[in-house]
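**Student:** Just passing along the structure, written as structure tokens.
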Amino acid sequence: MPASKGVGKYFSAQNLKKDLPASLVVFLVALPLCLGIALASGAPLFAGLLTGIIGGIVVAAISGSQLSVSGPAAGLTVIVFTSIAQLGGYEIFLLALVIAGVLQVALGFLKAGTIANFFPSSVIEGMLAAIGIILIMKQIPYALGYNADFEGSETFQSGGSNTFSAISDALSMITPGAVVISVLSLLVLIYWNKIKKVNVVPAPLVVVIIGIVLNMVFKGTTFEIDTVHLVQVPVVNSFSEFTGLFMTPDFSQIANPTVWTVAFTIAIVASLESLLSLEAVDKIDPYKRVSPTNRELVAQGTGNLICGLIGGLPLTAVIVRSSANVNSGGKTKASSMLHGIWLLASLLLIPGLINSIPLSCLAAVLIFTGAKLAKFALFKKMWREGKGQFIPFIVTILAVVFTDLLKGVAIGMVIGVFYILRNNMRNPYFYTISSKGDKEVIRITLSEEVSFLNKAAISYTLNNLPPESDVVIDGTNSKYIDPDVLEVIHNFKHNAYSRAIIVKLENIKHRYDVPQLKEMIYKPEKVHENV
């Protein structure tokens with residue numbers, strides 16, 4: 001089904017009641033992010049807006065996700081910046097982006113999107129909370145009227161400072177007008193929805209209106225907002241100026257091996273970030289819909305292919321914009337598509353008005369969004385679920401905050417997998433004791449999957465069974481029993497007579513049959529062996 005025909009059903013009056021206001025909020029959040037990421041990437045500012053437009057209109061139309069919003073990703077800024085310098089020009093970088101898009105589409109058709117199912121929920125929750133914390137820290141300078149940008153543990157642009165010393169610097173260089181706007185904006189965001197009748201108007205939209213009005217009121221006073229603290233989009237005065245903003249890739253470098261290295265790097269990193277963001281968005285979707293991951297890779301690849309052809313930046317599914325969409329009441333993909341249309345319209349029709357929005361009021365919107373992602377209730381919930389959930393959760397948060405998204409998630413995954421394996425090693429069987437006449441019978445029921453990781457636990461249990469007991473080892477529920485475990489079980493049975501233990505094996509393959517099998521993956525037909 002063509003995308004234009006398939007997405008038409010989302011633009012119903014019933015859906016637009018929620019999607020239209022949400023799209024305006026996402027647009028207001030995405031606008032400064034698109035510009036800021038382009039600046040941090042060493043690319044033209046127009047490239048950031050162009051990527052947001054393509055992410056909103058094209059990717060959302062193809063994607064199977066209803067709430068995910070795509071655009072330029074902060075997690076790729078370092079890769080983009082170094083790649084442009086390494087390749088020697090932005091046009092050559094665009095060629096690498098075109099190839100990366102093709103690779104992503106291929107990964108989608110190869111059904112590589114299933115990798116998202118292997119990330120523990122504690123790591124996903126930790127990633128969300130970490131992004132919320134980073135978002136708050138990143139926006140504090142803007143809220144205070146200090147326009148230097150930073151993220152995570154990256155070097156602060158004005159020197160060798162880290163994130164925390166940057167916040168300290170911002171506190172010493174406060175712009176009073178920006179602080180007034182950001183504080184008032186946060187109060188509106190917190191209390192607006194509690195006011196009946198007027199709360200039908202989205203609070204972030206009210207915040208932007210207040211910001212524009214106060215910016216005008218403060219002119220000529222000590223609270224005046226400098227231009228550097230306002231949104232800045234390119235002003236287009238004619239169609240020729242608009243078309244002159246586009247750039248095309250340098251296909252003459254197609255044989256350059258560095259181009260292909262950059263392309264593979266972008267394809268892998270962008271795909272992983274998109275899948276992680278998609279998983280996270282599905283978790284906060286109030287309708288609990290599950291997005292098709294393979295289709296998402298195709299959508300993201302198509303978006304990156306188009307971005308590369310006309311001068312954009314790499315795009316991914318972005319959790320910040322997506323969470324703003326969810327929190328603003330977005331219902332379908334129409335909100336994401338409309339936000340792309342608003343980005344295009346703002347560039348063409350109202351660049352002057354957009355350039356009068358103080359960054360401090362937009363910072364308040366993002367701080368409020370970050371606080372929802374890292375709310376205290378989430379920490380309490382993970383704590384109650386036990387250390388097997390809480391430790392990977394908190395480690396992921398710390399790792400993402402002090403390194404970057406991908407490294408942090410990788411560290412969280414290592415810790416999460418460790419606890420999964422640890423729990424798996426501890427629970428390879430159920431241990432019950434029953435009576436049979438005057439004797440007690442110890443029944444050991446093996447779990448569904450018994451891997452070599454369970455060998456030590458099972459061996460320890462068998463070797464510490466009391467002498468002169470009756471033991472039943474039951475493999476009825478097991479789909480897989482590792483050959484190493486089978487060897488332990490049969491060796492125990494063979495030597496049990498020395499301790500006067502009577503052993504009965506139920507539905508467990510004989511150890512002598514193992515060497516004749518190439519791989520003993522599934523337990524064969526049931527057998528019954530008595531001593």
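The values are calculated or read from the model by the stated rules, or taken from the named source; none is laboratory data. It should be emphasised that the depicted structure is a prediction, and the values quoted were computed from it without experimental measurement. Note that we place each Cβ from the backbone using ideal geometry, even for glycine, and neighbour counts take in every protein chain shown. Areas reflect the complete protein model, heavy atoms only, side chains present, ligands, DNA and RNA absent. Shrake-Rupley method; radii C 1.70, N 1.55, O 1.52, S 1.80 Å.
**Student:** With θ set to phi - 60° and the Karplus curve 6.51 cos²θ - 1.76 cosθ + 1.60, what are the ³J(HN,Hα) couplings of the range 127-139 in order, to the nearest whole Hz, using x for Gly and Pro?
**Tutor:** Working through the residues one at a time gives 4, 4, 5, 5, 4, x, 5, 4, 4, 5, 5, 5, 8 Hz.
**Student:** Okay, next question. Across the chain, where is the longest run that never hits trypsin sites (Lys or Arg not before Pro) in a DSSP loop with at most 15 other C-beta atoms within 10 Å?
**Tutor:** 1-110
**Student:** Applying the Karplus parametrisation 6.51 cos²θ - 1.76 cosθ + 1.60 with θ = phi - 60° to the phi angles of the range 306-312, what ³J(HN,Hα) value in whole Hz is obtained for each residue in order, glycine and proline being reported as x?
**Tutor:** 3J(HN,Hα) across the range 306-312, in whole Hz: 5, 4, x, 6, 10, x, x.
**Student:** Looking at this model, which pairs from K283/K407; K18/K219; K138/K407; K387/K504; K197/K283; K288/K381 are more than 27 angstrom apart at the alpha-carbon?
**Tutor:** Result: K18/K219; K387/K504; K197/K283 exceed 27 Å.
**Student:** Amide H of V441: which non-local residues (sequence gap of 5 or more, or other chain) have their own amide H closer than 5 Å, using H built in the peptide plane?
**Tutor:** Close amide H contacts, sequence-distant or interchain: S434, S435, K436.
**Student:** Can you pull the three principal axis extents for the Cα set of the range 190-235, in Å, largest first?
**Tutor:** 36, 28, 14
**Student:** How fast does the range 1-77 diffuse by Stokes-Einstein, in µm²/s, taking the Kirkwood radius from C-alpha pairs at 10 °C and 1.306 mPa s?
**Tutor:** The diffusion coefficient I find is 118 µm²/s.
**Student:** For a quick check: with amide H placed at 1.01 Å from N, whose amide H comes under 5 Å from G312's, ignoring anything fewer than 5 positions away on the same chain?
**Tutor:** Here nothing satisfies the definition.
**Student:** Let me ask something additional. Are there any chymotrypsin sites (Phe, Trp or Tyr not before Pro) in the range 312-376 that are in a DSSP loop and have at most 14 other Cβ atoms within 10 Å? List them by number.
**Tutor:** none
**Student:** So, with a 1.4 angstrom probe, what is the percent of accessible area on the chain that is carbon and sulfur?
**Tutor:** 64
**Student:** Given [x] 43; [y] 49; [z] 54 as candidate values of percent of Cα pairs over 31 Å apart, which corresponds to the one derived from the coordinates?
**Tutor:** Working out percent of Cα pairs over 31 Å apart from the coordinates points to [z].
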